[in-house]
Every structure is written in C-alpha cells, then in structure tokens.
C-alpha cells in the first residue's frame, strides 16, 4: 500500500504541473483567437465567456482599415514580408558562402577571420543601433527597404552553423568536381548548397522570424506610414485603439497567421532551430 | 615540378577561400566593428542629432553624468535603468531556468512519445508570436476587468480585487516578466530536453542496478551531467533578458508609467532617438556592450572548460 502511494503521488504531481503549464501557455493564444471575434464589451465581461456571442467580423475589417482607414496594414504586411524574406535569403547566401570558405579552404588568417566573426556575437544590436542610425541618416536611407535590411545581411551565428555543418562534408566530392573541371563558384552553387538543406531551412526560419519580430530597428528607420512594418503597425494600432480590444486582437491574429502557418508546416525546423544552439558546446 | 604545380593549386585555393569570406568580412567591418568603435568615440562627445553645431568633446562627461550619484534617486536616471534591467533579468531568468529544467525532466520521463511531442509544440507555441503581439494579448489580460484579475482572484478566492497589473510600479515589472517568461519558456524547455537526451541511458541503467532511486539519479547523474546545458541556458537567457525592448515599449506606449520598466535598451532609445542626445545614448550603449561582453566571455570560458566526457 505504502509503496503504491509513493509511486502514484509523483505521477500526479508531474501531470498536474505539465497540465497547469499547458493551460498557461495555450490560454492566451486561445484568448487572442476567440476574442478577435468578440465585441469589447464581451472581452472584458466578468466572468469571461470563451465562446463568442456572435462572430463580430467587423474587428477584422477595422484591423485592416487601420487608424486612418487607408488600408496601410496591407502595405505594412508586404513590407514585413519583403524585409524578412530578403534578410533570410541574404543570410543563407552569405552564411553558406563564408561557412564554406572557412570550412574547406586553407588560407592565411583563416583562424583570425573565424575568431573575428565569432567576436561579433558579443556586440549586441542594441549597443550599436545609435551609430547605425547615424550611418542611415548620413546615407539618407531612412524609410527605404535598404535601410531596413542592411544591418541584418548576415549573422555570425549563421556562419558558425554553416561552418560546423560543412566541416563534415566529404572533401572527395569537391575534389572530384574540380578534376571534372568545375569552377569553384559552380562547386559551391551546385554541390555545396544543395547539400545543406537542413541548415538552410533552420537558418532562413531563424532570420525570417527575427525580422518579422523586429520592432526596434524599424522604429528608428521607418517614420513614414508606408515604410512601417507589422510590429510598428500593431504597436501604433494598439496605442490608438486601446479601448477597442476586439480590433486589437484581430490585428494581432492577422499578424501572427503567417508565422503560425509556417510553424505548423515546418515544426521540425522551428524546434530544431532552438536546439542548434546546443552544438555550440562542441 | 609537380611540387610547384601543387603549390600553385594551393595558392589558388587560398585565394578562393579568401574570396568566399570577403563579403561577410566587409559586412561585419561596416555594420559591427565600425559602429561599436563609433559608439565608443561618440560617447566622449556631446552630440545632438539635429544640432548644426559641431559635437563638443566632453571626455568622460557623459559617463560621469550617467553615474553621478546625485541622480541616483531620480526615477528616470541611468541608475534606475541599471536597477530595472537587473530586476527584470534576474526576475525572468531564474524562474525560466528552474521551471524549464523541471518541465524538461517531467516531459522526458513521460512514456508516450505523442504526449512528449504535443507538450513540446504547445509550450513552444508562444515563441512563434512576435513580442509585440505577445504584449498586446497580455495587456488585455491585465486590464482591470480582464482575465488576469479573474484568474488570480479565482485561485486565491479573493473576488473583486484589482491587482493593478499595469499601474502599480512593482506589479508592472512583474507583468513584463510574466509576458517574457510566457514567450520564452518553451524555447528553454526544448534546449533542456535536447541536453537531457544527450545523456546516455546506460548510465541510468547502471545506477538503477546499483539500487539508486529516481531522486538520487536526478541529483547524482542528471544534474551534474547537465551542467554545461545549465550554464549555456542561463547565460543565453540572461543575454536575452538584457536585450528586452519590445515588451517595455508596448506597455509604456499604452499608458503605463515609464520609470519601473525603463530598462537600458529602452533608455537608449528614448535618450538617443526621441531626445536626440546621441553622445549620452552612446555612453549607455558602451555600458550595455561591456556588460554583455563580460557575460559572453564567461559563457565561452565555461563551455570550453566544462566539456563532459561520458
């Protein structure tokens, strides 16, 4: 009897803790989804009723029309898509190129170059944003895509990942291609790149999300409504419509949908993307 | 002859390798090294963004101003920012570390693989939302009539009490910590699950044969072997917390008081961008940089020396 109780109690505690945590993580997301269809009165009713009384689609039209009824949200979504996609592409391109160069070529100063790139991990963006802002003002690229994209073209972490991955790539393949007369850039584009698909997937998701989530840099660079990105839009919308909770949640839901679709279809790479940090141990 | 030719190939190879790393080197020089040097340089000047006057050299004046003791009591001083950052970092990363470790151990001990996967994905789901969306959701939950009060009052059986989530200085800090904790918990749980999975099961078998119970195996095997992951996760969580900005910005722009959540990054933004004191903001940036650099060096040091052989 004693033994049995000892076995069951820890099990109950385990399940209870896991369940409470599950409610804690999922309830706010469910709250966003369900309240995006509610009137503000229903959202703040005590006690809260999780089922919308009627589907209040006007929240979504308010969210898309925006503060000035000019549908700027659609333009801001496009901006976020352009910036995030460009950053993802350039990160993959530059990180693979550099990672390949560091992993498979012997040249003087290779180690120094690698250490230098790793060193940039110590420089937080938040500490260099003021000088970067001055650069942007000097070059007159405020309110441009170039200004939004430029500081994020490649990341040290991406290069590190690519290098680690390519170090184990069999050199014989590369030599065989060289014997066949393939150019060095051709080898990179036709042999190396197609063979690092998992890292490419992880890295592009990481880079894409980083910009999708970025509020600070667009806040500095984009002052014109037309060049703002989604986080700025949500922030301005929430500020102006602070009493229209339903519309706020509709805007938040719309902003999250693309990311959720990506997450559902590429879960492996999202979750893998966080554990790649582990390899830094090695 | 052959030797000479070989050396020629080697030189050619070296040139290609250099060519491949060159674009990134240029990028890092222009957008990382130049700005950080520039931040140090600018921090010695009284530089205003819109002023036509040439920046005035003030030596350590900006730093002296930041750390002037007479400002310590000022609610918006840099001392307060250091305090707000420290409180936020400790208050977020300690619960994150402890709870993510516990949850990871619990999940790893589950027998059903589907339950494991479901829990990992569910815990991770908030991380998919952007920080701005996360803050927006929680701001409504923290409304006086919102779910936050209803939940807490339901658990504590204190009907009708308003916790003043976004009004009271202490509660406002707690609220930012909850939002951040909620967004990142799944991420750290997964890091720990990966770390736990790398411990060879044979060790547990051996311990069980030797008569160790679950409790003993956790403290004697799991935890010591997990130490590298613990160090890695703590430093990463700390670095992450030091850089927090969006949550504080969102809460502030929606009318909450600034002083309790005026973390360093937020102070840099207000001072440098809104008030246009670039020199002073640069000095703050340098302080932030030094703090993060020390932490990162610590991480490199510990991960280098703590490699465990199983």
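The values are calculated or read from the model by the stated rules, or taken from the named source; none is laboratory data. Quantities reported herein were computed from a predicted structural model and do not represent experimental measurements. Using ideal geometry, Cβ is built from the backbone for each residue, glycine included, and neighbour counts are taken over all protein chains shown.
Computed values, structure above
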| quantity | calculated |
| --- | --- |
| Counted residues, segment A:25-48 - those being loosely packed, with under 12 Cβ neighbours inside 10 Å and either at pLDDT 95 or above or more than 7 Å from chain B (Cβ to nearest Cβ) (or both) | 2 |
| The listed residue being modelled with pLDDT of 95 or more and in a helix (DSSP H, G or I), out of B:268, B:221 | B:268 |
| Residues (surrounded by fewer than 24 Cβ atoms within 10 Å (Cβ to Cβ), in a helix (DSSP H, G or I) and more than 10 Å from chain B (Cβ to nearest Cβ)) located in segment A:219-231 | A:225, A:226, A:227 |
| Residue check, residue B:216 more than 10 Å from every other protein chain (Cβ to nearest Cβ), outside any loop (DSSP other than H, G, I, E, B), modelled with pLDDT under 90 and out of contact with any strand residue (DSSP E or B) (no Cβ under 7 Å at 6 or more places or on another chain) | yes |
| Selection status of residue B:85, within 13 Å of another protein chain (Cβ to nearest Cβ) and crowded, with 20+ Cβ neighbours inside 10 Å | yes |
| Condition check for residue A:141: surrounded by 13 or more Cβ atoms within 10 Å (Cβ to Cβ) and part of a helix (DSSP H, G or I) | no |
| Candidate set: segment B:243-258, residues that are part of a helix (DSSP H, G or I) and in contact with a helix residue (DSSP H, G or I) (Cβ under 6 Å, 6 or more places away or on another chain); chosen: the one nearest to residue A:133 (Cα to Cα) | B:246 |
| Subset tally (residues that are at pLDDT below 90 and closer than 30 Å to residue A:224 by Cβ) for segment A:49-70 | 5 |
| Criterion (within 17 Å of residue A:195 (Cβ to Cβ), outside any helix (DSSP H, G or I) and over 23 Å from the mean Cα position of the chain (by Cα)) met by exactly one of A:107, A:169, A:173 | A:169 |
| Among (1) modelled with pLDDT under 85; (2) outside any helix (DSSP H, G or I) - the single one residue B:10 does not satisfy | (2) |
| Residue B:111, sole failed condition from (1) outside any helix (DSSP H, G or I); (2) under 29 Å from residue B:223 (Cβ atoms); (3) touching a residue at least 12 places away in the same chain (Cβ under 8 Å) | (3) |
| In segment B:280-301, the residues that are more than 8 Å from chain A (Cβ to nearest Cβ) and free of Cβ contacts under 8 Å to residues at least 40 places away in the same chain | B:290, B:294, B:300, B:301 |
| Residue within segment B:52-59 that is at pLDDT 90 or above and in a helix (DSSP H, G or I) present | no |
| Condition met for residue A:97 (within 30 Å of residue B:24 (Cα to Cα), within 11 Å of chain B (Cβ to nearest Cβ) and modelled with pLDDT of 95 or more) | yes |
| Subset of segment A:237-253 (residues that are buried (at least 19 other Cβ atoms within 10 Å of the Cβ) and either without any contact (Cβ under 8 Å) to a residue 60 or more places away in the chain or facing another protein chain (nearest Cβ under 10 Å) (or both)) | A:237, A:238, A:245, A:246, A:248, A:249, A:251, A:252, A:253 |
| Per-region count, segment B:163-203, residues over 19 Å from residue B:251 (Cβ atoms) and either touching a helix residue (DSSP H, G or I) at 6+ places or on another chain (Cβ under 6 Å) or buried (at least 18 other Cβ atoms within 10 Å of the Cβ) (or both) | 14 |
| Hits in segment B:110-145 (condition: facing another protein chain (nearest Cβ under 7 Å), more than 23 Å from the chain's Cα centre (by Cα) and more than 18 Å from residue A:251 (Cβ to Cβ)) | B:119, B:145 |
| Single condition residue B:290 does not satisfy, out of (1) touching a helix residue (DSSP H, G or I) at 6+ places or on another chain (Cβ under 8 Å); (2) within 30 Å of residue B:35 (Cβ to Cβ); (3) assigned to a helix (DSSP H, G or I) | (1) |
| Checking residue B:237 against (1) surrounded by 17 or more Cβ atoms within 10 Å (Cβ to Cβ); (2) more than 10 Å from every other protein chain (Cβ to nearest Cβ); (3) under 21 Å from residue A:21 (Cα atoms); (4) more than 26 Å from the chain's Cα centre (by Cα), the condition it does not meet | (4) |
| Selected residue (only one of A:205, A:234, A:200, A:191 is within 8 Å of chain B (Cβ to nearest Cβ) and either within 30 Å of residue A:130 (Cβ to Cβ) or in a helix (DSSP H, G or I) (or both)) | A:234 |
